[in-house]
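Beneath this line is the structure, given in structure tokens, with notes to follow.
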Amino acid sequence: MDYSKLKIPNHVALIVDGNGRWATEKGMNRSAGHKQGFLNLKKLTAYIFSKDIHYISAYLFSTENFKRSQMEVSFIMGLLTNQLKDILNFCHEEKIKAIFSGRKENLSDKVLKAMEEIEKETKMYEEKTFNICFNYGGHTEIIDATKKIVKDVQKGKLDINTLDENTYSKYLYHNLPPIDLMIRTSGEQRLSNFMLWQNSYAEFYFPKTYFPDFDEKEFDKAILEYTKRDRRFGGIDYENKSH
Ligand code: FPP
């Protein structure tokens, strides 16, 4: 699709949902859905970045996902470690900087090492940032930032009276630009504790498609819909007659 006449978001967020249902409805186990989701994520990420979109954040494992069966949790964790080489090759081919957001606790040393290596090996890429939310929760991100702020205030490194949105953002897991378009696949219409701070003025899009089937054409539809949205950020566009 020709994107030249469309509105292009700077930061797209993806709640990757429906992998389990995709597999179950095909008579496969849930892990097969996650594997297909992983393959789709790589294809889709390359496509999104090819459209001059500079930031992608993807919700791949929430702090709450630990409540799932041990088999499913270890399969998702395993994707990160078993596919480490493949992930690194992909990032190098596409010149993607990969970063992780989330708490380190409850993650195995193997997973932590894989994350560290991915971040270290890709930190030179400037144009495209892929923020992988893993063991992530929006409330915990805000709590963790607040703790760091209190520490800096106590040490005299930060004057509490100067604390504003800009300064607060610097204490989050990463200082990322606001999310413009937030897509949750599979028909669920919830934020599920995902990037609460960064989603404050995002446009939401909820396709019914399960994530493994959310391909380039589906993403084009999301951008067409985003182009139609009138973003006012709390203000009013008085030139626009419909107001
Ligand atoms: C949501 O679908 C998906 C997840 C909780 C996991 C997503 C993980 C991947 C796409 C692969 C991870 C890749 C790396 C590199 C770690 P669901 O299981 O909630 O589906 P359902 O709602 O149909 O049950």
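The values are calculated or read from the model by the stated rules, or taken from the named source; none is laboratory data. Everything quoted here is computed from the prediction, not taken from an experiment. Please note: Cβ atoms are built from the backbone with ideal geometry, for glycine as well, and neighbour counts cover all protein chains shown.
Restricting to the range 133-179, what's the tally of residues that are in a helix (DSSP H, G or I) and more than 21 Å from H11 (Cβ to Cβ)?
So the count comes out to 13.
Select from the range 27-36 the residues that are more than 7 Å from the ligand (Cβ to nearest atom) and touching a helix residue (DSSP H, G or I) at 6+ places or on another chain (Cβ under 8 Å) and write down the one among them that is nearest to I183 (Cα to Cα).
Checking each candidate, the answer is Q36.
Residue pairs, Cβ under 8 Å, 6 or more apart or interchain, first in the range 138-163 and surrounded by 12 or more Cβ atoms within 10 Å (Cβ to Cβ), second β-branched (V, I, T). List them.
T140/T63; V153/I160; L158/I149; L158/T167; L163/I149
Give me a count of the residues in the range 37-47 that are hydroxyl-bearing (S, T, Y) and within 13 Å of the ligand (Cβ to nearest atom).
Final tally of qualifying residues: 1.
Take N135 and tell me if it is surrounded by 16 or more Cβ atoms within 10 Å (Cβ to Cβ) and on the phi > 0 side of the Ramachandran plot.
Judged against the criteria, N135 is a match.
Can you go through L107, L80 and tell me which one is under 23 Å from Y47 (Cβ atoms), surrounded by 12 or more Cβ atoms within 10 Å (Cβ to Cβ) and aliphatic (A, V, I, L, M)?
Result of the check over L107, L80: L80.
Looking at K95, K110, K128, K123, which one is over 22 Å from Y55 (Cβ atoms) and either more than 10 Å from the ligand (Cβ to nearest atom) or not small (G, A, S) (or both)? Don't jump to the end; show me each part of the working.
Values: K95 fails: over 22 Å from Y55 (Cβ atoms); K128 fails: over 22 Å from Y55 (Cβ atoms); K123 fails: over 22 Å from Y55 (Cβ atoms).
Just a single option satisfies the conditions, and that option is K110.
Based on what the data block shows, is F134 in contact with a helix residue (DSSP H, G or I) (Cβ under 7 Å, 6 or more places away or on another chain) and closer than 24 Å to S31 by Cβ?
no
For the range 183-203, what are the residues that are more than 15 Å from the ligand (Cβ to nearest atom) and surrounded by 15 or more Cβ atoms within 10 Å (Cβ to Cβ)? Walk me through it before giving the result.
To start, the set of residues in the range 183-203 that are more than 15 Å from the ligand (Cβ to nearest atom) comprises 195-203.
Listed by number, the residues that qualify are M195, W197, Q198, N199, A202, E203.
Sort through S50, S57, S69 and tell me the only one that's on the phi < 0 side of the Ramachandran plot and either within 9 Å of the ligand (Cβ to nearest atom) or within 13 Å of the chain's Cα centre (by Cα) (or both). Give the steps one after another, and end with the answer.
Values: S50 fails: either within 9 Å of the ligand (Cβ to nearest atom) or within 13 Å of the chain's Cα centre (by Cα) (or both); S69 fails: either within 9 Å of the ligand (Cβ to nearest atom) or within 13 Å of the chain's Cα centre (by Cα) (or both).
Matching residue, one of S50, S57, S69: S57.
Given the options I179, I160, name the one that is at pLDDT 95 or above, in contact with a His (Cβ under 6 Å, 6 or more places away or on another chain) and either closer than 24 Å to L80 by Cβ or of a type in the set (A, V, I, L, M) (or both). Reasoning before the result, please.
Numbers: I160 fails: in contact with a His (Cβ under 6 Å, 6 or more places away or on another chain).
Only one candidate passes the filter, namely I179.
Restricting attention to the range 1-28, which residues are part of a loop (DSSP other than H, G, I, E, B) and either basic (K, R) or farther than 20 Å from I76 by Cβ (or both)? Reasoning before the result, please.
Keep residues of the range 1-28 that are part of a loop (DSSP other than H, G, I, E, B), which gives 1-10, 16-18, 25-28.
Within the range 1-28, M1, D2, Y3, S4, K5, L6, K7, I8, P9, N10, K26, G27 qualify.
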